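K.L.:
The structure under discussion is supplied below as structure tokens; questions concerning it will follow.
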Amino acid sequence: MNVQKIDLRLLRSFFVVSRTGNFVRASHSLSITQSALSQQMKELNRYFPEALFEKKGRQSYLTEFGKSLITRIEPLIDQIDETLLQTMHNSKALGGRLRIGATHTYLKKIGLPASLMLLQSNPNLKIDLREMTAQRLLIELQEGELDMAIFPEIIGTLDLEQKVLLEEQFAIIVIASLVGVWACKVCAENLDISDPGAIVWDEVVAFWLVLFMLSPASFSTQLMAFALFRFFDAAKPGPVAWADQLFKGFGWRGAFGILFDDFVAAFCTLLCFALWRAW
């Protein structure tokens, strides 16, 4: 066994598995997929004459050899972490070049604000921000053309360290829309009006979607978006008028129609911004 060839990353993953007690929590802690973590443990086990884990049902547990190994490497990992933290604390500001890639939305939402914060505390650091598609991000990251990439979601095929930077609100918008369909149905049936003017849930959820897609945005941009959305929603030009007449009546169909024309108005608003930015 050539211990000099053991990747420290494998030992650290093994350490986290022992600390958390199972592969699921360990993979979340390490921000990698469970399958990638399993591959790391198989690779680590090749360096030792005995198994590190044993299966009991669907769970994996440390063997006696694994427990013996973890008691030896645990103080070493702690010492390495302490040394690295002390070195970072004592070192001067970061320098060199950091290449960050992201899609258009996440470049504005995360990449640019994070870069500005880094540059404030590290004036010698040069940051290269690159805007590209998610598919291109994956290719350039694998080819070593990027040091960091901001994806819309966790990429399960990458055996790289991944971390969730923010939780999106889109799921909340979807839930609010589904609840809104039910609420519109109940309200319309009780008022005996197919599209009551008292219902504003549709406008709120639709404009929430606009703000979500445009964020981060300045107050003036949000105000402009609101004005555009209200124009499309009230004047109902072209496609909005078509959507307004498509689903009429009571029941689930009519309830969906109450929200549908507002979502078309939201789409028209976003289309105007997309054309403006492209121009």
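K.L.:
Is there a residue in the stretch 245-254 that is polar (S, T, N, Q), farther than 30 Å from residue 110 by Cα and in the same structural domain as residue 274 (by TED's automatic domain parsing)?
P.N.:
Among the residues of the stretch 245-254, at least one is polar (S, T, N, Q), farther than 30 Å from residue 110 by Cα and in the same structural domain as residue 274 (by TED's automatic domain parsing), which makes the answer yes.
K.L.:
When residue 55 is evaluated against the numbered criteria (1) outside any helix (DSSP H, G or I); (2) under 28 Å from residue 151 (Cα atoms), which criterion, by number, is the only one it fails?
P.N.:
(2)
K.L.:
Against the definition (in a helix (DSSP H, G or I) and free of Cβ contacts under 8 Å to residues at least 40 places away in the same chain), how does residue 267 come out, yes or no?
P.N.:
The answer is yes for residue 267.
K.L.:
Suppose we filter 208, 276 for residues that are surrounded by 13 or more Cβ atoms within 10 Å (Cβ to Cβ) and not charged (D, E, K, R); which single one remains? Reasoning before the result, please.
P.N.:
Numbers: 276 fails: surrounded by 13 or more Cβ atoms within 10 Å (Cβ to Cβ).
Just one listed residue meets the conditions, 208.
K.L.:
Oh, and also: Just a yes or no: is a residue in the stretch 227-241 within 30 Å of residue 112 (Cα to Cα), surrounded by 13 or more Cβ atoms within 10 Å (Cβ to Cβ), of a type outside the set (D, E, K, R) and at pLDDT 85 or above?
P.N.:
Yes; the residues of the stretch 227-241 include at least one that is within 30 Å of residue 112 (Cα to Cα), surrounded by 13 or more Cβ atoms within 10 Å (Cβ to Cβ), of a type outside the set (D, E, K, R) and at pLDDT 85 or above.
Conditions (1) part of a loop (DSSP other than H, G, I, E, B); (2) touching a Ser or Thr at 6+ places or on another chain (Cβ under 9 Å); (3) of a type outside the set (D, E, K, R); (4) surrounded by fewer than 16 Cβ atoms within 10 Å (Cβ to Cβ), marked per residue:
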{"residue": "15", "(1), (2), (3), (4)": "no, no, yes, no"}
{"residue": "28", "(1), (2), (3), (4)": "no, yes, yes, yes"}
{"residue": "36", "(1), (2), (3), (4)": "no, yes, yes, no"}
{"residue": "48", "(1), (2), (3), (4)": "yes, no, yes, yes"}
{"residue": "66", "(1), (2), (3), (4)": "no, yes, yes, no"}
{"residue": "70", "(1), (2), (3), (4)": "no, yes, yes, no"}
{"residue": "74", "(1), (2), (3), (4)": "no, yes, no, yes"}
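K.L.:
Just name the residue that is nearest to the chain's Cα centre (by Cα) out of those in the stretch 27-52 that are more than 14 Å from residue 77 (Cβ to Cβ) and among the small types (Gly, Ala, Ser).
P.N.:
31
K.L.:
Is there any pair linking a residue in the stretch 187-213 that is in contact (Cβ under 8 Å) with a residue 40 or more places away in the chain and in the same structural domain as residue 250 (by TED's automatic domain parsing) to one that is part of a loop (DSSP other than H, G, I, E, B) and of a type in the set (A, V, I, L, M, F, W, C), with Cβ under 7 Å and at least six apart or on different chains, and which?
P.N.:
These pairs meet every condition: 188/250; 189/250; 194/250.
K.L.:
Considering only residues that are farther than 18 Å from residue 117 by Cβ and modelled with pLDDT of 70 or more, which ones fall in the stretch 82-100?
P.N.:
Of everything in the stretch 82-100, just one residue is farther than 18 Å from residue 117 by Cβ and modelled with pLDDT of 70 or more, namely 82.
The values are calculated or read from the model by the stated rules, or taken from the named source; none is laboratory data. These figures come from a predicted structure and were not determined experimentally. Because the Cβ atoms are built from the backbone with ideal geometry, glycine has one as well, and the counts that use them run over all protein chains shown.
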